[in-house]
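Working notes, beginning with the structure itself.
The values are calculated or read from the model by the stated rules, or taken from the named source; none is laboratory data. Keep in mind it's a predicted model, so treat the numbers as computed, not measured. Virtual Cβ from ideal backbone geometry, glycine too; neighbours counted across all protein chains shown.
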Amino acid sequence: MPFDLSGKSVLVTGGTRGIGRATVEAAARAGARVAFTYRSSEEAAAEIEAQLAEGGAEAQSYQSDAADTDAAAEVVEAVTGEFGALDVLINNAGITRDGLLLRMSEEDWDATMETNLKGVFNYAKAAYKPMMRQREGRIVNLSSVVGVAGNPGQTSYAASKAGVVGFSKSLAKELASRGVTVNVVAPGYVETDMTDAMPERARAAMEGQVPLGRPADPQDVAQAVLFLASDAASYITGHVLHVDGGLAM
Ligand code: NAD
């Protein structure tokens, strides 16, 4: 077990697949009590809950759209009620609605911003008071190499993920005196359903640019998230940790 989260209460948004699921499973293995949200995959959520319970972990899932402000507040209240505290918030839920700006609809732009950026605002705002009162807490937000370096066809996604970086650095400064750290993980090319949806040619081109010569496994990202959530990272805040095989050097 590389990082110890024994007894910690962890909330992951979008935890039923990909990086979110890997993070949920890794946090449970690290000894945490894990809550996670999902938008629609009720079956997968129930399966993960059962799997974690079988392994002896406490787990609880919540159907909740990250873009819904009131629902986020309700989830955080439910988690603090159920687990007695919220120690770690991991804002993972994210979507892509790619296309050249010329053809990008307002609806695609708004949907990307609502989940990727407003979702982070919603959960961070809901966690603010409980963490401030505890005088301890960890917030880890998922950005992307695309938010740092840009990518043609991903203006909305890049803007939302760059927004996550600015948001996180500002919040890190706001909450530092309260013992709460706020950090960002910026993955490169990770093999998940999100990247499976990309055209084969685009994936091959992306992989070809990775200095380490392979895409990331969701576990590679989950371990970085867990590090920032653990006591090992207690003196790190406002940091953007690239987990990209060297893609954005
Ligand atoms: P994924 O599509 O496999 O999984 C995303 C998860 O978020 C799913 O469980 C989905 O149901 C959930 N989700 C989406 N919208 C939601 C909403 N409105 N409310 C609640 N849940 C919602 O994606 P992934 O590849 O695992 O990505 C996870 C995070 O990492 C995202 O923020 C993504 O932008 C970021 N990221 C991924 C990559 C990559 O290469 N896969 C690279 C950089 C950053």
Hey, does the stretch 117-131 have a residue that's modelled with pLDDT of 95 or more, assigned to a strand (DSSP E or B) and not basic (Lys, Arg)?
no
Within the stretch 70-85, does at least one residue satisfy the condition of being hydroxyl-bearing (Ser, Thr, Tyr), part of a helix (DSSP H, G or I), out of contact with any Phe, Trp or Tyr (no Cβ under 8 Å at 6 or more places or on another chain) and closer than 25 Å to residue 189 by Cβ?
no
From the list 228, 212, 241, exactly one residue is among the hydrophobic types (A, V, I, L, M, F, W, C), at pLDDT 95 or above and in a strand (DSSP E or B). Which is it?
241
Looking at this structure, is residue 19 of a type in the set (Val, Ile, Thr), more than 14 Å from the chain's Cα centre (by Cα) and crowded, with 20+ Cβ neighbours inside 10 Å?
no
Between residues in the stretch 104-133 that are in contact (Cβ under 8 Å) with a residue 60 or more places away in the chain and under 18 Å from residue 39 (Cα atoms) and residues that are hydroxyl-bearing (Ser, Thr, Tyr) and not in a helix (DSSP H, G or I), which pairs lie under 8 Å by C-beta distance while being six or more apart or on different chains?
119/13; 123/13
Candidate set from the stretch 70-94 (those that are within 19 Å of residue 32 (Cβ to Cβ) and small (Gly, Ala, Ser)); member that is farthest from the ligand (Cβ to nearest atom):
84
Checking 9, 61, 40 in turn, the sole residue that is farther than 25 Å from residue 182 by Cβ and of a type outside the set (Phe, Trp, Tyr) turns out to be 40
Can we say residue 16 is in contact with a Ser or Thr (Cβ under 9 Å, 6 or more places away or on another chain) and either modelled with pLDDT of 95 or more or not β-branched (Val, Ile, Thr) (or both)?
yes
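For the stretch 22-44, name all the residues that are assigned to a loop (DSSP other than H, G, I, E, B) and either buried (at least 21 other Cβ atoms within 10 Å of the Cβ) or more than 16 Å from the ligand (Cβ to nearest atom) (or both).
So the first thing to find is which residues in the stretch 22-44 are assigned to a loop (DSSP other than H, G, I, E, B), and the list is 30-32, 39-41.
Passing the criteria: 30, 31, 32.
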Where residue 154 falls short, out of the listed (1) in contact (Cβ under 8 Å) with a residue 40 or more places away in the chain; (2) touching a strand residue (DSSP E or B) at 6+ places or on another chain (Cβ under 9 Å)
(2)
Can you tell me which condition residue 57 does not meet? The list is (1) under 21 Å from residue 140 (Cα atoms); (2) in contact with a Lys or Arg (Cβ under 9 Å, 6 or more places away or on another chain); (3) outside any helix (DSSP H, G or I), and all the others hold.
(1)
Subset of the stretch 208-221 [more than 15 Å from residue 194 (Cβ to Cβ) and surrounded by fewer than 16 Cβ atoms within 10 Å (Cβ to Cβ)]:
208, 209, 211, 212, 213, 214, 219
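So that you can scan it fast, the table gives a plain yes or no per residue for (1) more than 9 Å from the ligand (Cβ to nearest atom); (2) without any contact (Cβ under 8 Å) to a residue 24 or more places away in the chain; (3) among the aliphatic types (A, V, I, L, M); (4) outside any strand (DSSP E or B):
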| position | (1), (2), (3), (4) |
| --- | --- |
| 14 | no, no, no, yes |
| 46 | yes, yes, yes, yes |
| 49 | yes, yes, no, yes |
| 99 | yes, no, no, yes |
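To keep it simple, each residue is scored yes or no on (1) touching a Pro at 6+ places or on another chain (Cβ under 7 Å); (2) touching a residue at least 40 places away in the same chain (Cβ under 8 Å); (3) within 10 Å of the ligand (Cβ to nearest atom).
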position: 167; (1), (2), (3): no, yes, no
position: 170; (1), (2), (3): no, no, no
position: 178; (1), (2), (3): no, yes, no
position: 187; (1), (2), (3): no, yes, yes
position: 218; (1), (2), (3): no, yes, yes
position: 223; (1), (2), (3): yes, yes, no
position: 233; (1), (2), (3): no, yes, no
